[in-house]
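One structure is given here, and the rest of the page talks about it.
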Amino acid sequence: MATITDIGVSALINLLGAFTFLIAFAILRIQPINDRIYFPKWYITGARTSPRRGRNFVGKFVNLNLWTYFTFLNWMPQALRMSETEIINHAGLDSAVFLRIYTLGLKIFGPITLVALLVLLPVNASGGTLFFLSKELVISDIDKLSISNVRPKSIRFFVHISLEYLFTFWTCFMLYKEYNTVMSMRLKFLAAQRKRAEQFTVLVRNVPHVSGRSTSDSVDIFFKKNHPQHYLCHQAVYDANKFVKYLRKRNRLQNWLDYNLLKFERHPEKRPSTKTGCLGLCGERIDSIELYTDQIHNLDKTVAMERQRIIRDPKSVIPAAFVSFNSRWGAAVCAQTQQSRNPTLWITNWAPEPRDIYWKNLAIPFVSLSLRKLIISISVFFLVFFYMIPIAFVQSLANLEGLEKVAPFLKSVIELKFVKSFLQGFLPGLALKIFLYILPAVLMIMSKVEGHVSVSILERRTAAKYYYFMLVNVFLGSIVTGTAFQQLHSFLNESPRQIPRTIGVSIPQKATFFITYIMLDGWAGIAGEILRLKPLVIYHLKNMFIVKTERDRENATNPGSVDFPETLPTLQLYFLLGTVYAVITPILLPFILVFFAFAFLVYRHQVINVYNQQYESVAAFWPHVHSRVIASLLISQLLLLGLLSTKEAANSTPLLVALPILTLSFHKYCKNRFEPAFRKYPLEEAMDMDLEESAEQTSNLKAYLSDAYLHPIFHSFEDVELPDHPPPPQQPPAANKEEDLKNSDDEKHDQMPSDSSGELTSPPKTQNAYRHEDHSSYTGYQHGDEESHDVYHYESTQNQYAYHYRAGSPSNFFGY
């Protein structure tokens, strides 16, 4: 059982760790060599160029301005300077609403902490019960500030019940205001987004097979018949997972070709060469440029044949399609109604935005989805059960006194005071954090196996699994196993009648473990988030050994997006801990309040400067956040109800029975009032937006939507000269489409901003391509170097093909 001294040691270690991380961040972020790591968002938007340009050799690596080293905390006011509207324009609504979760925690727990410390601490501290039980149970000074210290049948329990009502009503009030605000922000954001593809498009799955008719024909006939006034066009979906492997291989070969061309341009007196044997260590030595050029050319033929096979083979078309309508109203009606007498056929849902689609799972047969979900549910159950073993081990570290009574031979190991404080105050939280490190990746794989078709849903489902895991293992598991280890000697030597009393006393005492966990994860862990030590090390290692071209450098500095599958469940755990222990052990609340304030600053900085959101779900995760805060309230009420029952508080306990009923009623009201705006699109809003648009704005809608959900097999290699093939029946004429795509690419290239040296600063890329042109006299290559910003060009009369590189990776489009 951790004492105040143990908590102090843990606080000292974590505060020193957090301060060290912040100092390291302040120094590393101003070094020119690290600029791409700490400001990648601005590089992606094209608003920032490398500060290394125009400096001397030392200045390219080290910041020589000494004054900047004394303003190491200026990132905090800078993080607060940008308004919420500017954040929405800069990073999207998802990021802005994510930050509001932290402010919600401050709004809820700020007043609760003040009231709990002023009212409950004196009530608990003057109880005196644990003084008489100290010989029977393992207790600490912190436990004397909890409800466990109040005598059974005491009238003081009316104070705890009254404050539980007050805290619940305050939390519900803040949740209601926040839900209403987020809903308004969502509708306003949707209304401001003119002509987005997902507003007009519906994903149709489980298209029935009709003999003698293709899937495309079935879709076209069905929607012309049932939606004659609004149906516009559709896009078939192909099973092209094998095609992706070829593109990955071509991407690697293209990268090696770029690298060797750059080497030859820098040293034209010597052509680069390589050996053809294992890993380039043995075999015949040949010209590298010719080798990779020939390999790419041969692979292009294979890719072209695979692409034609996919397009021409009816079996490659899966029973699903993206169906587009000429109005938002028509799309809303289709997406939110049943299309067939058989509800398992012609299943319609709103289509995700094109960036959000996880294309690989669209090829999963619809009939197998239920079986997949059942298998994953069973797997998650056993995974939770398996993780109870390390959780129990962690709790044994947190309760060394309890083990000493059962196993006295361990006493010599923990006799040193500092060692004991370290083991009980710091090591349990660290061990738990390590056990949880790989879990989100495992749960994400499970969610992909379930068959969800969008990245946003994959992340929300992973977050849900992670939350249930943390609820069962981290919260309930820590309490149950911790109680068993902690009071094991008492359980073995008292009558069964006394066990409920012992558990009732022991559960509040687990607050000491959660305090150490909050300090490690919520203080030092958040400081580690802003330091970005792992991306920093990986980037420099890649820059030394892997980065060969500008494309490699862009991939190495890709910041990714906010890790919703891990951050959202962690946030919900802190809400749970705060609501549960607000009445039971209020001394935990200040630690949670520090977490919300510090994390808000850190993630605001990260959203502005680092993370680049892959998709925009328009705050679709908010109903889950609301529901889990409500679940935290219910858990806190039920735990308090059970705790008071062990305190023989028969006069006061029944007063709590009505509180869960009121909380559930509030949740049901909010669910009916606000959640439809996150699940459906109001027809009134859809009609208003349709009426506001002029005829000129909607005249080219078909051309816009016909390519919006074009399958990646057309996007990722669209500029390669392939043998002719008949276009899919639902597509516009191939020549016009290719011309439109080419013109679109040219316009994008012309509009790309450039700095004074001529280096193109690319905006975010949502589609990627490589261009292969047949020429008779040269091989052309262009590449921008970060440091010198020179453009290299190489020509040779020996090869027959030209490769023009456009930065990006085709794997992004496939959801890999």
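Ordering V9, V594 from largest to smallest accessible area (1.4 angstrom probe), what's the sequence? The partial results should precede the final answer.
On the way: V9 30, V594 70 Å².
Descending accessible area places them as V594, V9.
Please arrange L541, L634, L299 by accessible surface area, largest first, computed with a 1.4 Å probe and ligands excluded.
Reading off the accessible areas and sorting them downward yields L541, L634, L299.
Can you give me the % of accessible surface on region 215-319 that is carbon or sulfur? Probe 1.4 Å, all protein chains present, nothing else counted. Intermediate results must be reported in sequence, preceding the final value.
Numbers: 2890 of 5560 Å².
Of the solvent-accessible surface of region 215-319, carbon and sulfur hold 52 percent.
Using θ = phi - 60° and the Karplus curve 6.51 cos²θ - 1.76 cosθ + 1.60, what whole-Hz ³J(HN,Hα) does each residue of region 635-640 get, with Gly and Pro shown as x?
For region 635-640, the Karplus-derived couplings read 5, 5, 5, 5, 5, 5 Hz, x marking Gly and Pro.
Per residue, how much accessible area does region 140-268 have with a 1.4 Å probe, in Å²?
I get 45 Å² per residue for region 140-268.
Report, largest value first, the span of the C-alpha coordinates of region 282-345 along each principal axis, in whole Å.
The Cα atoms of region 282-345 stretch 67, 26, 22 Å along the principal axes, largest first.
Any chance you could look up the accessible area of M687 with a 1.4 Å probe, heavy atoms only, rounded to 10 Å²?
Looks like 70 Å² after rounding.
With the crude spin-label approximation of a point 7 Å out along Cα→Cβ, what separation in nm comes out for M305 versus Q338?
Distance between label points: 4.9 nm.
Divide, for region 32-114, the radius of gyration over alpha carbons by 2.2 N^0.38 Å, where N is the residue count.
Working: Rg = 17.7 Å, N = 83, 2.2 N^0.38 = 11.8 Å.
Dividing the Cα radius of gyration by 2.2 N^0.38 Å gives 1.50.
What share of Cα pairs, in percent, lie more than 21 angstrom apart in region 184-328?
65
Summarise the accessible area of region 10-76 (1.4 Å probe, protein heavy atoms) by the percent that is carbon and sulfur.
Details: 2560 of 3420 Å².
Heavy-atom surface of region 10-76 belonging to carbon and sulfur, 1.4 Å probe: 75 percent.
Given Cα positions, please report Rg to Rh for region 586-666, the hydrodynamic radius being the Kirkwood one.
Values: Rg = 18.8 Å, Rh = 16.2 Å.
Taking Rh as the inverse mean 1/r over Cα pairs, Rg/Rh reads 1.16.
Distance in nm between label sites at A597 and F72, each 7 Å beyond Cα in the beta-carbon direction?
2.1
The values are calculated or read from the model by the stated rules, or taken from the named source; none is laboratory data. Nothing here was measured: the structure is a model prediction, and the numbers come from that model. Every residue, glycine as well, gets a Cβ built from its backbone with ideal geometry; the counts of neighbours run over all protein chains shown. SASA here: full protein model, heavy atoms, side chains in, ligands and nucleic acids out. Shrake-Rupley method; radii C 1.70, N 1.55, O 1.52, S 1.80 Å.
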